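Working notes, structure below.
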Amino acid sequence: MFEVVSNEVLAPKVHRLVLKVPRVAKTRQPGQFVIVRANDQSERIPLTIADADAKSGTITIIVQAIGPGTEEIVNTAAGQGLRDVAGPLGHPTHLEKWGKVVCVGGGVGTAVLYPLAAAAAKAGNEVTTIIGGRSEPFVILRNELAAFGEVLVTTEDGSLGTKGFVTAILQELLDDPARRPDAIFAVGPVPMMAAVVKIVPEEIPTLVSLNPIMVDGTGMCGGCRVTVGGEVKFACVDGPEFDGHAVDFKELMNRQATYTDNQHCRIGLDKK
Amino acid sequence: MSNDLSPKERLAIERTKMPEQPANERVTNFKEVNLGLAEEAAIREARRCLMCKKRPCVDGCPVAVRIPEFLARVAEGDFAGGAAILLVDNALPCTTGRVCPQEVQCEKTCVRGAKGDPVAVGWLERFVADWAAEHMEPPKPPAERTGKNVCVVGSGPGGLTAAGELARMGHDVTIFEALHASGGVLRYGIPEFRLPKKIVDREVANLEALGVKIEYNVIVGKTITVSQIMEEFDACFIANGAGLPMFLNIPGENFKGVYSANEYLTRVNLMGAWKGENSRTPIARGAAAVVFGGGNTAMDAVRTARRLGSDPAVLAYRRSRAEMPARVEEIHHAEEEGVRFDFLVAPLEILGGLDGWVRGVRLQRMELGEPDASGRRRPVPIEGSEFELPADIVVVAIGINANPVLTKACPELKVNKWGNILVDENGQTSIPGVFAGGDIVRGGATVILAMGDGKTAAKSIDAYLKNK
């Protein structure tokens, strides 16, 4: 059992949990993730480690409830425990002092972006963050990200910041010679990352953090395979961050949808 | 009961048959196929043993179970006596009695096999082990402690065996397991119908009764490194398995519905997708399944697909039946269950539909040419023989590569060019006090060979700790 130290609501269905996981807190580096199971029936859910404190032995995860596995995690109150937390998994973020770094986050992807923005700032980069959401309540971590530099917000309904998508703001920065980024981190829904990569010239390094369907998270199952630069990679052990320009997003989107399709999965056949 | 029979009387007894769940029933469930021997059948079978002095069966056993000795007790009806011998030699007898390839080990070397059927050692091992689990008290930790602590990496067959042996020697043993459950391949790989998970639970509970501690969710190489382990422990045994699944590297392999055997079996076994609606973990099911490979894993995958409703469930293998590495019993059971075998075919492409799901495979017929490095005749493509098979599910079961997570985080650990850890004849690695065995050393092998390595390493670790 791993104790939930605190559990707060950040946005509708999005919670921030602080967990006591001393071994992970001690070794974790930005960009790495954990696999969490709330109870003995739960699926294994990969979640980025947003933050960690080795001294108190805690890590922070930000979770959006989108299915039974994630719902059970966000419904675990402070003082209660999660059955399994395994990690830290994946490679740490590749960091350089690029100069101007623009971090682009969509929806709950902003939670994955947060440790990357923090690490980029710590490495001496000038960080600008663009975060987007459906409407104001879905824009998370605005104040936290402001600690690393300017934060630009977009919402689809215009209830906060600029109306529209993150790509419009990113395009403005790309077009402005004074603000043109030297590197970009983009994390969010697959269509958002694909859209970002599409407008960024190839000479600007663009890292994306991928979260494909995963089971074990240690390289054993190969379910998280993605094609990067024509080569098959396992997101869990080769990633989760990849050169966005090389990722086959169309294939990734297709594989992500495997279990949304009842016709092929267990439910379809049981009715036969 | 007396076991005082003449060789002639022993030779007159015919090999018993294993009661099985009927094939037409078992394809609709995940219950065990083999039902186990009744007491009388076990006694009769044990009496077939000629009690020969040479004991070739013991040499054929990777963990050197004293087979004639335990069979003699069974032949007398003294099951507790038989168990007392078996349990000392074999840490996981309920498991090996079910999954060992006896036909190439103890039963292959049995002298009765020269003229007829060998003694059914595997079935008798299972019988005695199951009897012991039901009737005997779990073991106790030895009173005399050595004060040494040993870390075992991985709770698969190699790790569990080493842990059991070391615990019985009086060492404190902690297992670090990467997953949320124990057993390694016994849990995630081998299906319920071949090895019920309650048996794995029981074998692990016996080790815990011996004082073995298991810490889950610890991925050595990530959560903790080998050098950190050696700061906390007096010695370490690495048995973290092989890990990375191999793919075919042909077009179409990333369509929905294409799985590695590891993923397919892990979803079904470890995550419980075989329970259907009662499981949280989904698994794609399809009318037609094609599995690539010819080993036990391929057999497990295709028989699982059959049970999840696929008809046809096809096993496509690029060599012929004679070269299949799978156990004879599994092949036989799969055939009874209606699995279709397509021999001498090689995959060229996996075909997908507009919906992104696999819809078939394109194959090419092969013929056998000259023997290759493995001594098996190499399959050679026959030109113009391409054909297609429909498939809604494809499972790739062609082998595994060494998982580099642990070794990459420990550069001083010497590995070969495939990433397998190098060990000496005692199982010791290039780091003093760090031993290794099982698939991470051998590449893809068997449960019993991993157990043999665990046993060897435990002896070496004990000797190492005594000299330390």
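The values are calculated or read from the model by the stated rules, or taken from the named source; none is laboratory data. Note that the coordinates shown come from a computational prediction; the quantities given were computed from them, not determined experimentally. Cβ placement follows ideal geometry from the backbone for every residue including glycine, while neighbour counts extend to all protein chains displayed. The area values use the complete protein model at the heavy-atom level, side chains included, leaving out ligands, DNA and RNA. Shrake-Rupley method; radii C 1.70, N 1.55, O 1.52, S 1.80 Å.
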Margin query: Residue by residue through B:349-357, how many Cβ atoms from other chains fall within 10 Å of the Cβ on average?
Written below: 2
Next item on the list: Calculate what fraction, in whole %, of the accessible area of segment B:246-400 sits on carbon and sulfur atoms when a 1.4 Å probe is rolled over the protein chains.
Entry: 49 percent
Check: Which percent of the accessible area of segment A:100-256 is formed by carbon and sulfur heavy atoms (probe 1.4 angstrom)?
Finding: 52 percent
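Just the number, please: carbon plus sulfur as a percent of the accessible area of segment A:2-89, 1.4 Å probe, no ligands or DNA/RNA counted. Let's see the in-between values first.
Values: 1650 of 3380 Å².
Whole-percent figure for carbon plus sulfur exposure: 49.
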Next item on the list: Under 12 Å from the Cβ of B:Asp462, count the other residues' Cβ atoms, weight Lys and Arg +1, Asp and Glu -1, and hand me the total.
Entry: +4
Notebook entry, point to check: Just how far, in whole angstrom, is segment B:301-325 from segment A:94-166 if you go by their alpha carbon centroids?
Noted result: 50 Å
Note to self: Ignoring everything except DSSP H segments at least 4 long, calculate the 222 nm mean residue ellipticity for chain B; use -39,500 (n - 2.57) per segment, divide by total residues, nearest 500.
What the structure shows: -9500 deg cm²/dmol
Check: Computed over the Cα atoms of chain B, what is the convex hull's projected area averaged over all directions, in nm²?
Finding: 23.8 nm²
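For segment B:1-46, state which GluC sites (Glu not before Pro) are in a DSSP loop and have at most 15 other beta carbons lying within 10 Å of their beta carbon. Walk me through the intermediate numbers first.
Numbers: sites: B:Glu9, B:Glu14, B:Glu20, B:Glu25, B:Glu32, B:Glu39, B:Glu40, B:Glu45; in loops: B:Glu14, B:Glu32.
For GluC sites (Glu not before Pro) across segment B:1-46 that sit outside H, G, I, E and B with at most 15 neighbouring Cβ atoms in 10 Å, the list reads B:Glu14.
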Check: In segment B:252-266, which residues give up 50 Å² or more of accessible area once the other protein chains are added, compared with their chain alone (1.4 Å probe)?
Finding: B:Asn254, B:Lys256, B:Glu263
Margin query: Just want the answer: with Cβ charges of +1 for Lys and Arg and -1 for Asp and Glu, which residue in B:Asn206, B:Ser460, B:Gly189 is farthest toward the dipole's positive end in chain B?
Written below: B:Ser460
Check: Can you list the residues of segment B:196-240 that have at least 50 square angstrom less accessible area with all protein chains present than in their chain by itself, probe 1.4 Å?
Finding: B:Asn217, B:Ile219, B:Lys222, B:Thr223
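Which whole-number value in Å² is the accessible area per residue of segment B:246-400, probe 1.4 Å? Can you show the working numbers first?
Working: 5790 Å² over 155 residues.
Ligands and nucleic acids excluded, the result is 37 Å² per residue.
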Note to self: Let me check something: with ligands and nucleic acids excluded, how do A:Thr27, A:Thr129 order by accessible area (1.4 Å probe), largest to smallest?
What the structure shows: A:Thr27, A:Thr129
Next item on the list: List the lysines whose Cα lies under 30 Å from the Cα of A:Lys122, skipping any in the same chain that are fewer than 8 positions away.
Entry: A:Lys20, A:Lys26, A:Lys55, A:Lys97, A:Lys100, A:Lys198, A:Lys233, B:Lys222, B:Lys408
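Whole number in Å², please: accessible area per residue of segment B:92-220, 1.4 Å probe, ligands, DNA and RNA not counted. Please report the intermediate quantities before stating the final value.
Details: 4370 Å² over 129 residues.
Heavy-atom accessible area per residue stands at 34 Å².
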Item checked: Positive-pole candidate from B:Ala83, B:Met271, B:Phe176, dipole of chain B, charges at beta carbon -> B:Ala83
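Let me spell out the model: positive unit charges on the Cβ of Lys and Arg, negative unit charges on the Cβ of Asp and Glu, origin at the Cα centre of the protein assembly as shown. What dipole size does that give, in debye rounded to 20? Intermediate results must be reported in sequence, preceding the final value.
Numbers: 83 positive and 91 negative charges, 216 e Å.
The calculated dipole for the protein assembly as shown is roughly 1040 debye.
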Item checked: Buried accessible area, chains A and B (both chains, 1.4 Å probe, Å² to nearest 100) -> 4200 Å²
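What's the magnitude of the charge dipole for chain A around its Cα centre, counting Lys and Arg as +1 and Asp and Glu as -1 at the beta-carbon? Answer in Debye, nearest 20.
On the way: 26 positive and 31 negative charges, 115 e Å.
The calculation lands at about 560 debye.
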Check: Given labels modelled 7 Å from the Cα in the Cβ direction, how far is it in nm from B:Asn467 to A:His91?
Finding: 4.1 nm
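Using the Cβ atoms and a cut-off under 10 Å, what net charge is assigned to the surroundings of A:Gly149, where Lys and Arg are +1 and Asp and Glu are -1?
Numbers: positive: A:Lys100; negative: A:Glu126, A:Glu150.
Its environment carries a net charge of -1.
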Next item on the list: Please go through segment B:81-162 and write out the trypsin sites (Lys or Arg not before Pro) that DSSP classes as loop and that have at most 15 other C-beta atoms within 10 Å.
Entry: B:Arg145
Margin query: Only protein chains counted, 1.4 angstrom probe. Which residues of segment A:42-84 are at least 40 Å² less accessible in the assembly than when their chain is isolated?
Written below: A:Glu43, A:Arg44
Next item on the list: Using a 1.4 angstrom probe on the protein heavy atoms only, line up B:Trp418, B:Trp131, B:Trp357 by accessible area, largest first.
Entry: B:Trp418, B:Trp131, B:Trp357
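For chain B, which DSSP H helices look membrane-span-like by this rule: Cα extent along the axis of 20 Å or more and mean Kyte-Doolittle of at least -1.0?
Working: long enough: B:121-135 (21 Å, 0.00); B:447-467 (30 Å, 0.20).
Membrane-span-like by this criterion, though nothing is claimed about a membrane: B:121-135, B:447-467.
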Check: Does segment B:137-273 classify as rounded, prolate or oblate by the C-alpha gyration tensor (a ≥ b ≥ c root eigenvalues; a/c under 1.5 gives rounded; else a/b over b/c gives prolate, otherwise oblate)?
Finding: oblate
Notebook entry, point to check: Among the trypsin sites (Lys or Arg not before Pro) within segment A:107-198, which fall in a DSSP loop and have no more than 15 other Cβ atoms within 10 Å of their own Cβ?
Noted result: A:Arg134, A:Arg179
